[in-house]
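The values are calculated or read from the model by the stated rules, or taken from the named source; none is laboratory data. Given the structure is predicted, the values throughout are model-derived calculations rather than measurements. Cβ sites come from the backbone with ideal geometry, for glycine too, and all protein chains shown count toward neighbours.
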Amino acid sequence: MATSLKTQIYQINTMNEQDKEKIINELYLINSKIFSGVDLNEMKNFLTNPKADRIKYLVYRDKYGNAVGYTAIIFFLLKMEDGLKGIINATIGILPEFRGGIKGPKKFFLFESVKWKCRHPTVPLYIVEGNVHPASYLLLVRDLPRLWPRPGDDGSPEMQKLLLTVADILDMKCPDPKRPFVRDLVWTTVENEYERAYWANSRMPEIRDYISRNPNYSSGEGLLYILPFDAKNFFINLYALIKNNILKSLNNFSRYFLMSPFGQKLLTTSRIANYLSNADIFKDVDFSELMQLAEHARIIYLPRKHLLIREGEVSDALYIIVNGVVDVFITDDSGNKKVINKIETGQLFGEIAALAGIPRIASVRISTPCILCQINRAYILSFLDKNQQCAEKIWPVFVQRKLSSYLFEFDRIDVYQPDQIKKILSDSKPQVLKAGDKLNINENQVLFLAMGRLASSGTIWHSVSAPALSIIKQSMSFNVIDHTIIISAPIPKDENKE
């Protein structure tokens, strides 16, 4: 079962100062785990912009009432040379471990925009924003065919002029006059060297276009984009929303069907557990423990040609194919799709990416109508926290596979070759750490961060996200920011460094 989240809507214009301060502090705590470069005062100025006509937040809360994500929509009514213009700024911040359970931001955005348009029926409305990461740009440019700039199309001269004028009015500073569509937005998405290398070497045309336009995104520079909120775009988004609701109804039908006596013959908890046991990462786990995990599988039905996973999206679940076939494909430099694998009934996919919460390296499309079991990443991590014996069997396999994948990208790290690193860490047991824990590493150690994020006030690291490896030459202390898994080991004195 996916993590159930509650939602609350706040309108900043109608809140008293005390309540306003409380919600801003909550959102800042979320924001600080996703973005760097923004302090509390800057966050407050953004969320209470005095130039705004209307500001609304949709806040996602877990079962304990803690805020775990938000969508902020800020409307501006700007007086320009050719009349009034309505402008929308929107920001989404969701903690990685809860992204699989988030529902409703698109619906919230669509209906709030329609409500604003009804209040100002004669005022043209545009979405203008600065995008600070290629992953979010990829989702936007694929879903919105009339968003500019996009690969091969910078938009009309009138649209370009409007975009630059609005950016100037909203005080989005331009760091380089030669690149007027890039603005210094300060906000920087937290990512590590591995993730930056992934995006820099991506074959996807949209990503290559983004990075060519905004090569300094990791320094807080954002690429401006504009999207007219007119009837055509409204119906494009409304169609997508209706389609998703239809798919949700089909998923509910399949779930009820599989709960019926006939459906139980098709799918049982023990059958799901048996599928799980076929995966390398679960091979040493007791069947009774896999049964507990299988009880929380969500049954979904997907039609042929449905795109289940997009290359570059952050993983939030693993999948088991109960019935059907899916195609795994990549997109080359010319935008052509190449199928690299087929996954069929009884097979499991996405387990390593789901545990790590990293971008998918390929896309997955439904080849024949499929019934799938989906197990959400947030639940898997919660399950492993409560079942230490199971965790002790899974995490070593996970860490070694992550280490092998990480080292594949390097000829050497410091003065050590990958095989030497593997040998040093071969007998190390994973340490599972929680947010707020302290980690002390002695001198002359190899440290591999397989999952999560650490922060240090030392000179080697300030903040780093998994996967990452470092040769610790002097004792260091780290603060654990997120759910984190590491392995470490001393470097043998007689280790041959060459």
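Mind checking whether some residue in the range 55-63 is touching an Asp or Glu at 6+ places or on another chain (Cβ under 7 Å), part of a helix (DSSP H, G or I) and crowded, with 17+ Cβ neighbours inside 10 Å? There is no residue in the range 55-63 that is touching an Asp or Glu at 6+ places or on another chain (Cβ under 7 Å), part of a helix (DSSP H, G or I) and crowded, with 17+ Cβ neighbours inside 10 Å.
Only residues that are outside any strand (DSSP E or B), under 21 Å from ASP62 (Cβ atoms), of a type outside the set (Gly, Ala, Ser) and free of Cβ contacts under 8 Å to residues at least 60 places away in the same chain were counted in the range 6-42, giving 8.
For the range 375-389, the count of residues that are touching a helix residue (DSSP H, G or I) at 6+ places or on another chain (Cβ under 6 Å) and either β-branched (Val, Ile, Thr) or closer than 26 Å to ARG304 by Cα (or both) is nonzero. The residue list PRO124, PRO134, PRO145 contains one member that is over 18 Å from GLY86 (Cβ atoms) and either crowded, with 16+ Cβ neighbours inside 10 Å or at pLDDT 85 or above (or both), which is PRO134.
For (1) surrounded by 14 or more Cβ atoms within 10 Å (Cβ to Cβ); (2) under 20 Å from the mean Cα position of the chain (by Cα); (3) assigned to a helix (DSSP H, G or I); (4) modelled with pLDDT of 85 or more, each residue gets a yes or a no:
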{"residue": "GLU191", "(1), (2), (3), (4)": "yes, yes, no, no"}
{"residue": "ILE207", "(1), (2), (3), (4)": "yes, yes, yes, yes"}
{"residue": "LEU227", "(1), (2), (3), (4)": "yes, no, no, yes"}
{"residue": "LYS243", "(1), (2), (3), (4)": "no, no, yes, no"}
{"residue": "PHE253", "(1), (2), (3), (4)": "no, no, yes, no"}
{"residue": "TYR256", "(1), (2), (3), (4)": "no, no, yes, no"}
{"residue": "GLY263", "(1), (2), (3), (4)": "yes, no, yes, no"}
{"residue": "SER288", "(1), (2), (3), (4)": "no, no, yes, yes"}
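Close Cβ contacts (under 6 Å, 6 or more residues apart or on different chains) running from residues in the range 410-427 that are more than 16 Å from ASN444 (Cα to Cα) to residues that are at pLDDT below 85 comprise PRO418/LEU407. Take the conditions (1) modelled with pLDDT under 90; (2) surrounded by 14 or more Cβ atoms within 10 Å (Cβ to Cβ); GLY436 misses just one of them, which is (2).
Only one of the listed residues (ALA72, ALA52) is assigned to a strand (DSSP E or B) and small (Gly, Ala, Ser). That residue is ALA72.
Just one of the numbered conditions (1) under 17 Å from GLY436 (Cα atoms); (2) at pLDDT 80 or above is not true of SER456: (2). Is the range 174-181 home to any residue that is touching a residue at least 60 places away in the same chain (Cβ under 8 Å) and not charged (D, E, K, R)? No: the range 174-181 contains no residue that is touching a residue at least 60 places away in the same chain (Cβ under 8 Å) and not charged (D, E, K, R).
For the range 464-476, residues that are over 24 Å from ILE34 (Cβ atoms) and in a strand (DSSP E or B) total 3.
Checking each residue of the range 89-101 against the condition of being assigned to a loop (DSSP other than H, G, I, E, B), surrounded by fewer than 19 Cβ atoms within 10 Å (Cβ to Cβ) and on the phi < 0 side of the Ramachandran plot gives no match. Cβ-Cβ contacts under 9 Å between residues 6 or more apart (or on different chains), taken from a first residue in the range 355-380 that is surrounded by fewer than 19 Cβ atoms within 10 Å (Cβ to Cβ) and of a type in the set (Ser, Thr, Tyr) to a second residue that is outside any strand (DSSP E or B) and at pLDDT 85 or above, are listed as SER367/LYS305.
Conditions (1) at pLDDT below 90; (2) within 14 Å of THR71 (Cα to Cα); (3) surrounded by fewer than 12 Cβ atoms within 10 Å (Cβ to Cβ), marked per residue:
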residue: THR14; (1), (2), (3): yes, no, yes
residue: GLN18; (1), (2), (3): no, no, yes
residue: ASN25; (1), (2), (3): no, no, no
residue: ILE34; (1), (2), (3): yes, yes, no
residue: LYS44; (1), (2), (3): yes, no, no
residue: PRO50; (1), (2), (3): yes, no, yes
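Can you find a residue in the range 318-329 that is among the charged types (D, E, K, R), in contact with a strand residue (DSSP E or B) (Cβ under 8 Å, 6 or more places away or on another chain), assigned by TED's automatic domain parsing to the domain that holds PHE282 and over 22 Å from ALA450 (Cβ atoms)?
There is at least one residue in the range 318-329 that is among the charged types (D, E, K, R), in contact with a strand residue (DSSP E or B) (Cβ under 8 Å, 6 or more places away or on another chain), assigned by TED's automatic domain parsing to the domain that holds PHE282 and over 22 Å from ALA450 (Cβ atoms).
Would you confirm, using the coordinates I've provided, whether ILE321 is β-branched (Val, Ile, Thr) and modelled with pLDDT under 85? The answer is no for ILE321. When ASP168 is tested against (1) surrounded by 14 or more Cβ atoms within 10 Å (Cβ to Cβ); (2) at pLDDT 85 or above; (3) in a helix (DSSP H, G or I), only condition (1) is not met.
Flag set for PHE408, criterion: of a type outside the set (Val, Ile, Thr), surrounded by fewer than 20 Cβ atoms within 10 Å (Cβ to Cβ) and not assigned by TED's automatic domain parsing to the domain that holds LYS283.
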